[in-house]
Each structure stands twice: as structure tokens, then as C-alpha cells.
1. Give the longest segment of the chain that steers clear of trypsin sites (Lys or Arg not before Pro) in DSSP loops with at most 15 neighbouring Cβ atoms within 10 Å, not counting the sites themselves.
2. So which GluC sites (Glu not before Pro) in the range 90-128 are both in a DSSP loop and have at most 13 other Cβ atoms within 10 Å of their Cβ?
3. With the other protein chains left in place, how much accessible area per residue, in square angstrom, belongs to the chain at a 1.4 angstrom probe?
4. For the range 18-170, calculate the relative contact order in percent as a whole number, restricting contacts to Cα pairs under 8 Å that are 6 or more residues apart.
5. Quick one, what does Rg over Rh come out to for the range 76-139 if you take C-alpha atoms and the Kirkwood Rh?
6. Can you match percent of Cα pairs over 28 Å apart to one of these, [x] 19; [y] 15; [z] 33, based on a calculation from the structure here?
7. Using a 1.4 Å probe on the protein chains only, how many percent of the accessible area of the chain belongs to carbon and sulfur?
Amino acid sequence: MTASSCRHPSRRCTDVGVTFDEDELWDFLDDTHTGILTTLRADGWPLALPVWFVTADHRIYVRTPARTRKVAHVRRDPRVCFTAEAGVSWGELRAVVLTGHAHVLPEGDERDRVFGLISEKYKGFGIPVDEVPAATIRHYDTASAVLRVDPDPHTVSWDNRKLRRRSGGS
């Protein structure tokens, strides 16, 4: 591909053909276990935290206790960054980095649907309740919020598995 195929016309870049297309991007996110959601603190500094998430309708959804800083940050400034990655060796690395705006969902059908999607995706990943420390139960046994991330149109993605190796080591 040529520099003219670059998604960022104001930049000079060469597309080496490792980006995800739209379907690959959402399939990758659907199959990814953990993401990193970055929100902005009141002083403007980013706070990046691991989250369990689901996707639906080309959006990211995160369930979290309603009193967390993530929720407070989003209420004050909805700009977020979401990252998901997979792979161990360089040739296996795959990732998606998207920016967008997050919103705290009100009670209703969309929120209820997300609770079900998250429960389904992560069933079997928790530990039995009788093994969870009492302090942890108290911390998480509160009202839940759901954050919906509406992505900006442009994402950054790569799938190094698409790279073709040079023959002969040259």
C-alpha cells in the first residue's frame, strides 16, 4: 500500500497492511478478555485501569461499582481511551486503541441487556462467593453503573500476524 492509503491525510505514513478492518476490529474486541479504560482525573492526568467489558452495536460497555472514580471521572469529563491487546511474541501482537466519549447509562433496557452480556461473557471467571474475603464483598456489593463508550471514527489497530516475513533474512 502507499502513503496515500494512510487513514491520516495530514500525516506522512506508510500503511504496511497490518491494521484490522472494521469486522476484524470488533471480532477481536468480542474475543478479548480484559481491556484498559483510561479516564481523566480532575487535574487532567489520565488514570488507566483494567476492566472486563463487552461489545454491542460497535460500542464498548463496562460494568463497575457506581461509586468508583471511573464513574466520577466520566461524569465530569466523558473523554476516554480504551485499549485491548493480545499476543506474546512480537509476531503475534494484536491491539486496538480507540478514543471516544463515555456515558453512564440510566436504568433501563440497554443497561439490563449489558448486565446479561457481561454475566454471560465472564461466567466461570469468578471465584465461589464463600471464598471471597468479606471486605471484598462489602466493597463490590454496591449499586452498579454501566459505562457506554461511543468510539470516535478513527481507531489505531494492528495485527502483526498479517506481516509477511522477508525470505532469505534480507
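1. Longest run free of exposed loop sites: 68-122.
2. 107
3. So the chain comes to 65 Å² accessible per residue, rounded to a whole number.
4. The normalised contact order for the range 18-170 reaches 32 percent.
5. Answer for the range 76-139: 1.08.
6. Correct label, based on the coordinates given: [z].
7. 53 percent
The values are calculated or read from the model by the stated rules, or taken from the named source; none is laboratory data. This one's a predicted model, so the numbers in the text were calculated from it and none came from an experiment. Reconstructed Cβ throughout: ideal geometry from the backbone, glycine too, with neighbour counts over all protein chains shown. We work out accessible area using only protein heavy atoms, side chains counted, and drop any ligands, DNA or RNA first. Shrake-Rupley method; radii C 1.70, N 1.55, O 1.52, S 1.80 Å.
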